[in-house]
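Visitor: I'd like to ask you about the structure that follows.
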Amino acid sequence: MTEDGPRDEGVLTPEELALEHDSVAELGENRFLVRSEGDASPERALPDGRGGHDHATPRVGDTPEPHAVDIALKVDGEVARYRTSSNDVREVFAELLTWYATQLDADLSPEETLRLMLEHADLER
């Protein structure tokens, strides 16, 4: 392929393979998703918190339960992902908070981590 010649379908240029390109999404440490078409934002993360795609898992909006969350968190350069859904909004919220607190500090209990975060948070914005 030359710069002036036609581009083969599905063949990516070196520029498109650059980690900063719009077609590249980081999935985890040294793991990237490169799409030949469309947006590279990872929409379907594995439900166990690992980076990556699970194409069998529907989007959050497609889950049958009325309450769901799908979140990616970056702490100290590490990306973790979490997804949960339920008929009970309190269950989704409690699971999300517990997961989030555990990601921030594995040495403290989730309750202690959340207490410290709330104690130091500026919620009066």
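The values are calculated or read from the model by the stated rules, or taken from the named source; none is laboratory data. As the structure is a computational prediction, the values presented were derived from the model and not from experiment. Positions of Cβ are backbone-derived with ideal geometry, glycine not excepted, and every protein chain shown enters the neighbour counts.
Visitor: Filter segment 60-87 down to the residues that are out of contact with any helix residue (DSSP H, G or I) (no Cβ under 9 Å at 6 or more places or on another chain) and in a loop (DSSP other than H, G, I, E, B), then identify the one that is farthest from T113 (Cα to Cα).
Guide: P64
Visitor: For segment 75-95, give me each residue that is loosely packed, with under 11 Cβ neighbours inside 10 Å and either at pLDDT below 90 or in contact with a Gly (Cβ under 7 Å, 6 or more places away or on another chain) (or both).
Guide: Of everything in segment 75-95, those that are loosely packed, with under 11 Cβ neighbours inside 10 Å and either at pLDDT below 90 or in contact with a Gly (Cβ under 7 Å, 6 or more places away or on another chain) (or both) turn out to be D76, G77.
Visitor: Let me ask you something else. For segment 96-125, give me the residue count where each residue is surrounded by 11 or more Cβ atoms within 10 Å (Cβ to Cβ) and aliphatic (A, V, I, L, M).
Guide: 8
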